[in-house]
Amino acid sequence: MSSPYTFADPRLAKLDGFKVEIDEARERADIVLGRPPYNVVSMPQRDQLRLTFEALDEDPRVRIIVLRAEGEHFSSGGNIGGFMEASPEHVSKLAWNIAAPARCAKPVIVANRGYCFGVGFELSLACDFRVASETTQYALPEQKLGQIPGSGGSARLQKMVGITRTKDIVMRSRRISAKQALEWGIATECVPDGELERATDKLVDELRTFSPLAQRTAKKLLNDTEDSTLAIAIELEGHCYSRLRQSEDFKEGVEAFNAKRPPKFAGR
């Protein structure tokens, strides 16, 4: 059963536009955007989201982090007025804040529905798994404001779908349906709207069956080798494999396999 999460950091004493819940029994923390109907993301909220991911990453009670939103839309994007009021120095940190899910060592799932525009899309792209309702529409509409994506959106998208499709999305401010996002490799899953929560829960439960240590290792390895050559990626993979070979979780996994029983991983 979920309960409100309590932060030690005074900067998170009053959350701006979102809440955080924890379900210790399921080792799960939920970050819930709570400014419906469009869940516009404010400038202060971006800073707090980064701090929240960092705090949850350090919490031993949390195995999986879920990012979701109240209402029929995930987020229509950022508060446009906030960009004009923010200093250039503050604006230069936007991408660092929104990249917090990618830097987090733990698996991060985002549940998308309805509008997922601008920073809402960029934040989702920084997560590990995107579970999309069939109602989801993804877009980077900054060209309509005489701007470009500023929180990593075009860069992450180009890694996923290539330069041709990224130009189509960014330079035309084109909306992409959940079905097309799945076909292009942007979305991990596409489900009927009424099944979004169930599909997210199912993915949380699945991820919890694996070794926390192996999952942290896999995430870091994949992130670190995204831009490397094949030879370097294989070399780093070998080093990670060798380290995990000495772990208690690997020993438990082998013993459980031989005994034909579910493994009980401890994360070490």
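The values are calculated or read from the model by the stated rules, or taken from the named source; none is laboratory data. In this text the structure is predicted, and so the values were computed from the model without any measurement. Glycine gets a Cβ as well: all are built from the backbone with ideal geometry, and neighbour counts include every protein chain shown.
Considering each of S154, S228 in turn, give the residue that is free of Cβ contacts under 8 Å to residues at least 60 places away in the same chain, in the same structural domain as E70 (by TED's automatic domain parsing) and touching a Leu at 6+ places or on another chain (Cβ under 8 Å). First the steps, then the outcome.
On the way: S228 fails: in the same structural domain as E70 (by TED's automatic domain parsing).
Exactly one residue qualifies, and that residue is S154.
Take the conditions out of contact with any Asp or Glu (no Cβ under 7 Å at 6 or more places or on another chain), of a type in the set (D, E) and touching a residue at least 60 places away in the same chain (Cβ under 8 Å) and apply them to E58. Does it pass? Spell out the reasoning first.
On the way: out of contact with any Asp or Glu (no Cβ under 7 Å at 6 or more places or on another chain): yes; of a type in the set (D, E): yes; touching a residue at least 60 places away in the same chain (Cβ under 8 Å): no.
No.
Could you list, ordered by first residue, the pairs with Cβ atoms under 8 Å in which the first is in the range 243-268 and of a type in the set (S, T, N, Q) and the second is surrounded by 13 or more Cβ atoms within 10 Å (Cβ to Cβ), at least 6 apart or interchain?
If the second residue must be surrounded by 13 or more Cβ atoms within 10 Å (Cβ to Cβ), the pairs left are S247/S211; S247/L213; S247/A214.
Which one of N112, N97 is within 16 Å of the chain's Cα centre (by Cα) and surrounded by 24 or more Cβ atoms within 10 Å (Cβ to Cβ)? Lay out the reasoning, then the answer.
On the way: N97 fails: surrounded by 24 or more Cβ atoms within 10 Å (Cβ to Cβ).
N112 is the lone residue from the list that is within 16 Å of the chain's Cα centre (by Cα) and surrounded by 24 or more Cβ atoms within 10 Å (Cβ to Cβ).
Any residue in the range 71-90 that is modelled with pLDDT under 90 sitting within a Cβ distance under 6 Å of a residue that is crowded, with 17+ Cβ neighbours inside 10 Å and assigned to a helix (DSSP H, G or I)? List the pairs, counting only those 6 or more apart or interchain.
Close Cβ pairs (under 6 Å, with a partner that is crowded, with 17+ Cβ neighbours inside 10 Å and assigned to a helix (DSSP H, G or I)) amount to G82/M43; A86/M43.
Scan the range 170-181 for residues that are out of contact with any Ser or Thr (no Cβ under 8 Å at 6 or more places or on another chain) and outside any loop (DSSP other than H, G, I, E, B) and jot them down. Even if it seems obvious, please write down each step before you answer.
From the range 170-181, those out of contact with any Ser or Thr (no Cβ under 8 Å at 6 or more places or on another chain) are 171-176, 179-180; that's our starting set.
Residues satisfying the conditions are I176, K179, Q180.
Show me the helices (runs of 4 or more DSSP H) entirely contained within the range 92-165 in which 2 or more residues are more than 23 Å from E70 (Cβ to Cβ).
Numbers: elements: 94-98, 100-103, 119-125, 153-161.
Once the helices (runs of 4 or more DSSP H) in the range 92-165 are filtered for at least 2 residues that are more than 23 Å from E70 (Cβ to Cβ), what remains is 94-98, 100-103, 153-161.
Say whether the condition of being part of a helix (DSSP H, G or I), under 25 Å from G34 (Cα atoms) and among the polar types (S, T, N, Q) is met by at least one residue in the range 190-200.
Yes: one or more hits.
How many residues does the range 130-151 hold that are surrounded by fewer than 20 Cβ atoms within 10 Å (Cβ to Cβ) and either among the basic types (K, R) or within 17 Å of V108 (Cβ to Cβ) (or both)?
Within the range 130-151, residues that are surrounded by fewer than 20 Cβ atoms within 10 Å (Cβ to Cβ) and either among the basic types (K, R) or within 17 Å of V108 (Cβ to Cβ) (or both) number 1.
Can you find even one residue in the range 212-227 that is exposed (fewer than 12 other Cβ atoms within 10 Å of the Cβ) and under 23 Å from R156 (Cα atoms)? First the steps, then the outcome.
Within the range 212-227, the first condition is being exposed (fewer than 12 other Cβ atoms within 10 Å of the Cβ), and the residues that meet it are 226-227.
Narrowing the set further to residues that are under 23 Å from R156 (Cα atoms) leaves 226-227.
Yes, there is a match, as at least one residue in the range 212-227 is exposed (fewer than 12 other Cβ atoms within 10 Å of the Cβ) and under 23 Å from R156 (Cα atoms).
Go through (1) assigned by TED's automatic domain parsing to the domain that holds F117; (2) on the phi > 0 side of the Ramachandran plot one by one and return the number of the condition M171 breaks.
Failed condition: (2).
Table: residues versus (1) closer than 30 Å to S173 by Cβ; (2) surrounded by fewer than 17 Cβ atoms within 10 Å (Cβ to Cβ); (3) not aromatic (F, W, Y); (4) not assigned by TED's automatic domain parsing to the domain that holds A139.
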position	(1), (2), (3), (4)
E27	no, no, yes, no
L33	yes, no, yes, no
Q45	yes, no, yes, no
Q48	yes, no, yes, no
E54	no, yes, yes, no
E58	no, yes, yes, no
I64	no, no, yes, no
E72	yes, yes, yes, no
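Name every residue in the range 152-182 that is of a type in the set (D, E, K, R) and touching a Cys at 6+ places or on another chain (Cβ under 9 Å), in order of residue number.
Selection gives K179 alone.
Between residues in the range 174-202 that are touching a residue at least 60 places away in the same chain (Cβ under 8 Å) and in the same structural domain as D128 (by TED's automatic domain parsing) and residues that are surrounded by fewer than 16 Cβ atoms within 10 Å (Cβ to Cβ) and assigned to a helix (DSSP H, G or I), which pairs lie under 7 Å by C-beta distance while being six or more apart or on different chains?
Once the first residue is touching a residue at least 60 places away in the same chain (Cβ under 8 Å) and in the same structural domain as D128 (by TED's automatic domain parsing) and sits in the range 174-202, its partners that are surrounded by fewer than 16 Cβ atoms within 10 Å (Cβ to Cβ) and assigned to a helix (DSSP H, G or I) give I186/M160.
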